[in-house]
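Scroll down for the structure; my scribbles are underneath it.
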Amino acid sequence: MSGNNIEKVKAAEEMLLDLGTLLMSCGASTGRVRITVNRIAEALGYDVELLITSRSLILTVAEGDTMSFSSSVRRTPPHGVNFKVVSGISRMSWRVVEEKLTVEQINKEIDRLIALPHYPRLVVLSTVALAGASFCRLFGGQGLELLVAFVATFFGLFIRQESLKKRFNPYLAIVFASFAASMVSGLSVKLGIGDSPEHALATSVLFLIPGVPLINSLTDLIDGNTLNGVIRGINGLVMAFAIALGLMIAMQIYGI
Amino acid sequence: MVLDLLMILEKGIWFGFAALGFAVLFNVPQRTLIVIWMLGAAGGMTKLLLMQANIGIVVATLAGAAVIGVLSVSAAHNKHAPPLVFSIPSVIPMVPGAFAYRMMLGLIKLAGTAVTDPTYHQILAETTSNGLKTMFILMSLAAGVSIPMLISRKDTIKKIRNLDNSE
């Protein structure tokens, strides 16, 4: 293997590591990470072996039937769930197969996907707050209770975003958010606003549900990625405990 | 009966909005938003219709999640995004928040009640029931969504093989 060739393998390896860790942190299941990385590597003419864990990715690239190979480890970056990236990378992986993109082109596409704008903050806050009000309606709330759930969810999500910005521990950020939301909705229980204000209290913390970890956990378990499935499940469980802790503190303060 | 159906239709709309909130939170591509709203509504209404027919909440949720799982696979082909982009936000409105909340309340009460207290066993029974419902509903949500995804993934591998053979 010539020096030039080694550089090329290294470049492909770097790109595959970026791609795999990015997918993992943006909320893809283990099986999807493996399939996508394999698909792209195969299209570029490399054989890869992967060890995927929740916090890091180990990857070995070999070129054809030469005995030369290269291994590297990369930590998973701390991005949040971002389905725009997951969906963009999945689309790109087919373009790699069909249009034979080069490593440089793939790197450019990954950078573009990361830079894609999120929804405006106010849009996120109000849509999630609307979801909170919808939950309240689904559990039998009416009129004013929907409004309370809306305001509580809006405030709770705002607190969570601020805590994450200030780099608090992510579980602690959930405790803060759950506490903030249930302090708002708990006030309505205390003051007796509406017919059954408990509905607002029970639903105002539901925006924190760890849906992605829990569903990916089961997908991984069914898929045979038992270890990652267990890790994700425990992660989801700790998040659920964090929600409960914030709710409990607020309820103790109000004496509900 | 007509009133019940109207009620279910109305709740379907709310299921859709709850799904939409999570879709925005998870930053899904814009072109998938409407589909997610419809999937959320479809899954929720399936669940409510089955519950109307006296089917237990766990099985009804499994069916609702399976409807979302199957539809999300076909949506994935049409809108060019992986199925999980559609299915995860759509099933979250079916998460048993009320049962989980009651279980939590029960646990707090249990921790503060003496075993000799006459209400202890009543609280224990209610908490166990709410906790089990929460657990099984969560499991059926995840299973209902994951299984169609896993089945359809075999299809894509077949497609890759076909591509290889045709070259």
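Side notes on the structure shown:
- In a simple Cβ point-charge model (Lys, Arg +1; Asp, Glu -1; nothing else charged), the range B:2-161 has a dipole of about 760 debye relative to its Cα centre.
- Cα gyration tensor shape for chain B, rounded if a/c is under 1.5, else prolate or oblate: prolate
- Hull shadow area, averaged, the protein assembly as shown [alpha-carbon convex hull, nm²]: 23.1
- A:G141 long-range amide H proximity, modeled H, under 5 Å: none
- Couplings 3J(HN,Hα) of the range A:232-244, computed from phi: 5, x, 4, 4, x, 5, 5, 5, 5, 5, 4, 4, 4 Hz, in residue order, whole Hz [Karplus 6.51 cos²θ - 1.76 cosθ + 1.60, θ = phi - 60°; x for Gly and Pro].
- Computing FRET efficiency as 1/(1 + (r/R0)^6) for B:M139 and A:T53, where r is the C-beta to C-beta distance and R0 is 30 Å, gives about 0.80.
- Estimated vicinal HN-Hα couplings, Hz - the range B:20-28 in sequence order (Karplus 6.51, -1.76, 1.60; Gly, Pro = x): 4, x, 5, 4, 5, 4, 8, 6, 6
- Taking the range A:1-44 and a reference point 7 angstrom along Cα→Cβ of A:S72, the backbone N atoms nearer than 12 Å belong to A:7-21.
- Amide H contacts under 5 Å for A:T76, placed H, 5+ residues apart: A:S56, A:L57
- Separation between Cα centres of the range A:97-156 and the range A:6-48, rounded to whole Å: 27
- Rounded to the nearest whole angstrom, the semi-axes of the ellipsoid equivalent to the range B:36-89, taken from the Cα gyration tensor as √(5λ), stand at 23, 9, 7, largest first.
- The charge dipole of the protein assembly as shown, taken about its Cα centre with unit charges on the Cβ of Lys, Arg, Asp and Glu (plus for the first two, minus for the last two), comes to roughly 480 debye.
- Fraction of accessible area attributable to carbon and sulfur, the protein assembly as shown (%, probe 1.4 Å): 66
- Once the Cβ-Cβ distance of B:I108 and A:Q161 is raised to the sixth power relative to R0 = 25 Å, the FRET efficiency obtained is 0.35.
- The B:N54 and A:E7 beta-carbon pair, evaluated with R₀ = 56 Å, returns a calculated FRET efficiency of approximately 0.25.
- Signed unit charges on C-beta, dipole axis of the protein assembly as shown, positive-most listed residue A:W94, B:T46, A:S196: A:S196
- Expressed as a fraction of 2.2 N^0.38 Å, the value expected for a compact globular protein of N residues, the C-alpha radius of gyration of the range A:147-256 is 1.18.
- GNM result for chain A, Cα springs below 10 Å: residue of A:I222, A:I231, A:I106 fluctuating most strongly: A:I222
- In the range A:121-254, taking the dipole from charged Cβ atoms about the Cα centre, the farthest positive-side position among A:V151, A:N225, A:V123 is held by A:V123.
- Members of the range A:70-95 that become less accessible by 30 Å² or more once partner protein chains are added (1.4 angstrom probe, chain alone as reference): A:V81, A:F83, A:K84, A:S87, A:R91, A:W94
- Remark: the range A:156-162, residue by residue, has Karplus-estimated 3J(HN,Hα) of x, 5, 4, 4, 5, 4, 5 Hz, where x stands for each Gly or Pro and the curve is 6.51 cos²θ - 1.76 cosθ + 1.60 at θ = phi - 60°.
The values are calculated or read from the model by the stated rules, or taken from the named source; none is laboratory data. Since this is a predicted model, take the numbers as computed values, not measurements. Backbone-built Cβ (ideal geometry, glycine too); neighbour counts: all protein chains shown. SASA here: full protein model, heavy atoms, side chains in, ligands and nucleic acids out. Shrake-Rupley method; radii C 1.70, N 1.55, O 1.52, S 1.80 Å.
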